[in-house]
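Everything on this sheet refers to the single structure shown next.
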C-alpha cells in the first residue's frame, strides 16, 4: 500500500523497557520492551514468559521495508561492578537468525557511570509473518560480576513501516 494514501495507517510500534535486567558476561539476552507508547497494529509482543515475547511481527497487508531503532543503557554499581572494561553489543535478529550488529560500545565500569549502545537499521524485503527482535550481550574483561541494564527512557525501541 502506498505511503501517499493519507487514509492508510501503516504499522509502527514505540516501546521502552522500564524494568531493570541483570546481564551476565558473554550471555546473549533477548530484550522485551514492556512499556507501550504506540503500537498501531499490535505487532509487538511485550508479554513476558513466552517464546514470542520481545518480537515484532510483520502484519498482513504490509510486507516490505521496516526501520528498527533501539537502544540500551547500563549502569555500574557503587563498587564499579564489574571492574575493568565491559563491551555492550546490541543485535537485531530476524526469524531467530542474526541480521546485524546494531550498536556497540566500550564502557569503563566507573562507579556510578551510565553507558549504552544504540543504532538503527532498515530491513528490506520482509514478508508477512517475519519477526524481528533485539538482543544484547555484555562482555566483561573480568571473570565475574554482573551489571544492570537500566529500565528507563534510555532503553527505547521504535519500529516503523518504510515501504
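FYI, it's all coordinate maths here, none of it is from the lab. Here the structure is a predicted model, which means the values were calculated and not measured. Don't worry about glycine lacking a Cβ; one is built from the backbone with ideal geometry, like all the others, and counts go over all protein chains shown.
Our estimate of slack between residue 8 and residue 105, defined as 0.36 nm per intervening residue step minus the Cα-Cα distance, is 31.1 nm. Taking other C-beta atoms within 10 angstrom as a stand-in for reagent exposure, 100, 107 fall in the order 100, 107, fewest first.
When 55, 104 are sorted by how many other C-beta atoms sit within 10 angstrom of their C-beta, beginning with the fewest, the order is 104, 55. By the count of other C-beta atoms within 10 Å, a proxy for reagent exposure, 140, 131 are ordered fewest to most as 131, 140.
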